[in-house]
Amino acid sequence: MSETTVIDACNTFCPGPLMELIGFMKRADVGDELELLSTDQGSATDVPAWIAKVGHEMISSEKVGDIWHLKVRKMK
Amino acid sequence: MRILVVGGGMGGTIVANNVARRMSKEIRQGKVELTMLSATDQHWYQPGLLYVAFGKMALNDICRDQSTLLEPGIKFFVDPVEEFELNENRVRTKSGVVHDFDLLVIATGCEAIYDEVPGLEKASETPYTKHGAVKMFKRLREFEGGKVAIVVGVPHKCPIAPIEITFMLHEFFEKRGIRDKVQLQYTYPIARIHNIENIAKWAVPEFERMQIDYETFFNIKEVDIDNKVVHSEEGTEKEYDLLVAVPPHRGMPVIEENGMGDDGWIPTDRYKLTMDGHDNVFVLGDTTNLPISKTGSTAHFESEVIGENIASIFRTGSATREYDGKVYCFIEADQDRATNACFNYIDPPEIKAPTKSMHMLKMSYNQWYWSSARGLL
Ligand SMILES: Cc1cc2nc3c(=O)[nH]c(=O)nc-3n(C[C@H](O)[C@H](O)[C@H](O)COP(=O)(O)OP(=O)(O)OC[C@H]3O[C@@H](n4cnc5c(N)ncnc54)[C@H](O)[C@@H]3O)c2cc1C
């Protein structure tokens, strides 16, 4: 498996963190790990909801300081 | 000093004119050489394509000869770059000419791509290309009613366009007296109907008032043309009689071919607007990998920062300004009202009720754009 790709979507409103993640997910390979950094509180619920809906894997979600670190794995 | 601008669209043109004005004396004295390379001799005002798709503007209204938009002092060549040799501070063009530079500005934009979504190109109408906008208007005029699905690829330029297109479809069918025969179904990739929370909050009641259905978490996977159904990555589907797409985008192939960024997005410092690892290479507009809106206004505000920094690097040896992430968007709300959104890295936009005067301002801007590109506005 390749190393984790970090997507820094902190302090941005448009297109926003989940849209950034979707873009990166398209180009990732199955099994790849991605870590989304977000200062948007909404990411803590939106990202897991989308990951579950599509069928990817939510590895972890934690807030360090003001930043959400959301780790996911592409499953299909 | 040799300054080379690659790309003659919104960002490249505004930055080149900005530098030419600031440094006109040094250019006349031969101390500064300012060159622009582009892929075409035409300059398209892409926001106008939306109006072409709805029969409100013609293609010739939104195109000018690039050379007429440039300040004297800018050497302009239609000769696209094929090789970026950044460590040697030079580029090589299609015709084989080598241009050396001290400072390079890259503004090659991005383009709609269809290879990721089977069936999408054949099945859909789009205002995102010249050919598409003309074709879409023809199709809209012939449409007599049925299900209209609006689908949105990721990433895409002009993030407000999906909502504007939907409002304009509503208005178009209403004016033709067939709105009651049309079911408008909007879809969007994330959890709300627009990525900017305040725009989503404002647009939901507007959609409800206009009886526009919407589904969120809808990422286009493929289009089944025979059965007229769009399938989403999330496992849902939408039937359509008319499919309108905001296609996914990529940066220009030349960027990835030169190993400068996956999918053509160049890794860029969000404040300095320099390419990672290359302090003498500025990047702006749609081709950056920055997590901000791919809009002309972004390119415009970035141009002003880069123009000022280029002049100050020449005069003082260092840059003086940082980009704060400023973006400004008009939002067409219906046939004669518009609102706007202005935000940066820190401050979110506040959306006000749409007004007629804001719509008039956008209509005027569609004409003023040429002065803006010249750097006069
Ligand atoms: C339908 C639609 C509606 C829009 N509405 C709005 C709006 O309302 N408001 C807004 O702010 N923005 C809007 N936009 C977005 C806006 O048009 C773009 O964000 C803007 O044009 C980006 O500027 P740019 O300089 O990065 O790229 P572009 O303007 O696309 O210019 C890229 C330039 O690079 C040149 N080029 C490409 N490859 C090479 C090469 N290899 N060598 C040299 N030159 C090259 C091209 O010929 C072109 O001149 C809209 C876009 C569309 C399609």
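The values are calculated or read from the model by the stated rules, or taken from the named source; none is laboratory data. Here the structure is a predicted model, which means the values were calculated and not measured. Methodologically, a virtual Cβ is constructed for each residue, glycine included, from the backbone with ideal geometry; neighbour enumeration extends over all protein chains shown. Please note that ligands, DNA and RNA were not included when accessible areas were found on the heavy atoms of the full protein model with its side chains. Shrake-Rupley method; radii C 1.70, N 1.55, O 1.52, S 1.80 Å.
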What do you reckon, how do B:249, A:69 stack up by accessible area (1.4 Å probe), largest on top? A:69, B:249
So what does residue B:377 come to for accessible area, using a 1.4 Å probe and Å² rounded to 10? 100 Å²
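Quick check on chain B: take the gyration tensor over C-alpha atoms, sort the square-rooted eigenvalues as a ≥ b ≥ c, and tell me if it's rounded (a/c under 1.5), prolate or oblate.
On the way: a/c = 1.98, a/b = 1.77, b/c = 1.12.
The shape class here is prolate.
What order do you get for B:214-221, B:315-322, B:344-351, B:332-339 when each peptide is scored by the mean count of other beta carbon atoms within 10 Å, highest first? Walk me through the intermediate numbers first.
Values: B:214-221: 21.1, B:315-322: 12.0, B:344-351: 16.0, B:332-339: 18.5.
Those peptides, ordered most packed to least, come out B:214-221, B:332-339, B:344-351, B:315-322.
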Could you state the angle between the C-alpha long axis of helix A:43-54 and the longest principal axis of the C-alpha atoms of chain A, as a value from 0 to 90 degrees rounded to the nearest 10? 20 degrees
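Per residue, what volume in Å³ does the convex hull of the Cα atoms of the protein assembly as shown enclose?
Spread over its residues, the Cα hull of the protein assembly as shown gives 144 Å³ apiece.
Calculate the dipole size of the range B:189-294 relative to its Cα centre from +1 charges on Lys and Arg beta carbons and -1 charges on Asp and Glu beta carbons; express the result in debye to the nearest 20. Don't jump to the answer; show the numbers that get you there.
On the way: 10 positive and 21 negative charges, 101 e Å.
It works out to roughly 480 debye.
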Carbon and sulfur atoms: what percent of the 1.4 Å accessible area of chain A do they account for? 51 percent
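Hey, can you rank B:165-171, B:222-228 by average C-beta count inside 10 Å, highest first? Display every interim value, and only then the final one.
Working: B:165-171: 22.9, B:222-228: 14.6.
Taking the mean over residues of other Cβ atoms within 10 Å, the ranking is B:165-171, B:222-228.
Per residue of B:190-202, what is the mean number of Cβ atoms on other protein chains within 10 angstrom of that residue's Cβ? Display every interim value, and only then the final one.
Working: counts 12, 9, 4, 0, 3, 10, 4, 4, 1, 2, 0, 0, 0.
Counting other chains' Cβ atoms within 10 Å and averaging over B:190-202 gives 4.
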Where a ≥ b ≥ c are root eigenvalues of the Cα gyration tensor, a/c under 1.5 meaning rounded, otherwise prolate if a/b exceeds b/c and oblate otherwise, the range B:227-377 counts as oblate
Cross-link pairs beyond the 18 Å C-alpha cut-off, checked among B:56/B:130; B:122/B:157; B:147/B:356: B:122/B:157; B:147/B:356
Over chain B, what is the percentage of antiparallel beta bridges among all DSSP beta bridges, to the nearest 5? 50 percent
Would you give the gap between the C-alpha center of the range B:3-57 and the C-alpha center of the range B:262-303, rounded to a whole Å? 16 Å
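Average partner chain C-beta neighbours within 10 Å, per residue of B:209-217?
Details: counts 0, 0, 0, 0, 0, 0, 0, 3, 6.
Neighbouring Cβ atoms belonging to other protein chains average 1 per residue here.
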Ordering of B:304-310, A:4-10 by packing [mean C-beta count within 10 Å, highest first]: B:304-310, A:4-10
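Give me the inter-chain shielding for A:3-14: mean count of other chain Cβ atoms within 10 Å, whole number please.
Working: counts 0, 0, 1, 0, 2, 4, 2, 3, 7, 11, 19, 19.
Averaged over the peptide's residues, the number is 6.
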